[in-house]
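The values are calculated or read from the model by the stated rules, or taken from the named source; none is laboratory data. All values derive from a computational prediction rather than experimental measurement. Note: ideal-geometry Cβ built from the backbone for every residue, glycine included; neighbour counts use all protein chains shown. Each accessible area value is taken on the protein alone, full model and side chains, heavy atoms only, with ligands, DNA and RNA left out. Shrake-Rupley method; radii C 1.70, N 1.55, O 1.52, S 1.80 Å.
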Amino acid sequence: MTGKKENVIVVIGIFLTFLFSTAFAGNEGFTQEDRERLIRLETTLQVFMEQVDKRFQQVDARFAELREDVNKRFEQVDRRFEQVDAR
């Protein structure tokens, strides 16, 4: 997952470098190539965000499973205490 974050950071860094270099050069507006780069950047970021969201959903599901397992174990322990107390 860190590899993807690094890729996104590199893409953003390249984009910002490009943006500032054209701003200081005095160019006005975006060229067709600039627009295509922005579209590719947007697509890359969208895919990355979807992957991160999916991963968080998987983590949330795993926490829910763990919570259920812990609750079941506490129920078992409570029943065992009740059995010992009944004796």
Those residues of the stretch 1-19 which are open to solvent by 100 Å² or more (accessible area, probe 1.4 Å) and modelled with pLDDT under 70 amount to Met1
Filtering the stretch 28-87 for residues that are modelled with pLDDT of 95 or more, open to solvent by 80 Å² or more (accessible area, probe 1.4 Å) and among the small types (Gly, Ala, Ser) leaves a count of 0
Cβ pairs under 8 Å, 6+ apart or interchain, first in the stretch 46-66 and charged (D, E, K, R), second open to solvent by 90 Å² or more (accessible area, probe 1.4 Å), ordered by first then second residue, are Arg55/Met1
